[in-house]
Amino acid sequence: MERTDDFRELALLYFEGKISRADESRLYAYIKENAKNRALFRQWEQEWLAGEKDNKALNENWQALQQKLKVAEGHSREKRLRLVHRPVLRYLAAAVVLVCVAVISFKLAVYSFEPDTEKLFVFETPNGERSKLTLGDGTVVWLNSGSRLCYSNRFDVKERRVEVSGEAYFDVAKQDGREFTVDMGSCNIVVKGTKFNVSAYPEDNYVEATLLEGSIEFRHDDRALEVAPGEQVRMEKASGEWCKERVDARQSNAWVDGRIEYDHITLRDLLPKLARHYDVAFHLETDSLGERNLRISVRNEETVHDVLKALAEVIPMTVAVKGRDIYIH
């Protein structure tokens, strides 16, 4: 059995950006094992920060950490980390290590107010990319193209709460019955430990939650709706009206593996998903085409031109491509 001191040495190597891939995996497994190990990790983090007296050295360590994140295994074409509040760099360097156990591709912005007050961490995924991160409580989150996740530095201290704009898939870590809340602006999802997908893009006129395992509660104003595995709740933003139906829940998070799969979807609802997936802009110029119902399966190897060609075979439409703009009529 490995000693605690061994993992402390691995943690220090991690903070310095000198850890090997194999040792990094061992450290991740140790952190996720239980709350005691996570607490030790936080303690080692504070000890490491206290020993960093030279700001120049800290900046060099931060750059090394950035480089390590850039080469992490993932699906994105470009991997980048953006810091927008330099005064909190000292705090941030450790915070990223603490909350990002697994990283694929994201932008990170930190919004800080006064010293010793609440700080917000914001992860953003550009169109055409996907991201994966692990929160401090062990919860795994995937962010789809054009999505954002926001949470406080007090996460997992008083409550487990995150805000989502866009689409995300959650594998929530169970924690002695403590609730985990996903704030989607117009409504909330409350869980204790489960797997589910949420979609709440600002440009869409609806929010959606699909449950794969466990149980969730969909809340809006003073109403609450229990959702069972294999069920999907869809709420119209304007009216607040919702409906619940049985679906193939596995299709809701097919995007995690780079796929788009739907047994029934209108062209109007499909185009925004394709636009984010391929980082293009669609212009539907014939309204009646938007109501055409489709069954579609898109995988990583298909280009946007492949998809358009297939759609044109089942829908009488004309496609004009001008750079990133695609006109359909």
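Every number in this text was worked out from the coordinates using simple rules, so none of it is lab data. Everything quoted here is computed from the prediction, not taken from an experiment. Positions of Cβ are backbone-derived with ideal geometry, glycine not excepted, and every protein chain shown enters the neighbour counts.
Odds and ends about this structure:
- F218 sits among other residues whose Cβ lies under 9 Å from its own Cβ, and their net charge, with Lys and Arg +1 and Asp and Glu -1, is +1.
- The alpha carbon centroids of region 136-154 and region 170-220 are separated by 12 Å.
- Legend: residue pairs K158/K195; K32/K195; K132/K195; K119/K273; K195/K309, Cα-Cα distance threshold 25 Å; pairs beyond threshold, K119/K273; K195/K309.
- For the pair E302 and E118, label points projected 7 Å from Cα toward Cβ lie 4.3 nm apart.
- Each residue of region 234-251 is assigned a 3J(HN,Hα), and the resulting list reads 10, 10, 6, 5, 5, 9, x, 7, 10, 9, 10, 8, 7, 9, 7, 4, 5, 6 Hz, derived from the Karplus form 6.51 cos²θ - 1.76 cosθ + 1.60 (θ = phi - 60°), x at Gly and Pro.
- Separation of the H329 and R292 label points, Cα + 7 Å toward Cβ, nm: 1.6 nm
- Phi angles of region 182-191 translate, via the Karplus equation with coefficients 6.51, -1.76, 1.60 and θ = phi - 60°, into HN-Hα couplings of 10, 8, 10, x, 8, 7, 10, 10, 10, 9 Hz per residue; Gly and Pro are given as x.
- For F180, distant residues with modelled amide H under 5 Å away: V191, K192
- Principal axes of region 259-304: Cα extent on each, largest first, Å: 30, 24, 12
- Estimated from the Cβ-Cβ distance and a Förster radius of 41 angstrom, the FRET efficiency linking K237 and R21 is about 0.40.
- Cβ-based net charge around T194, under 14 Å, with every Lys or Arg adding one and every Asp or Glu removing one: -2
- Inter-label distance for V319 and R42, nm, one decimal - labels placed 7 Å from Cα along Cα-to-Cβ: 5.1 nm
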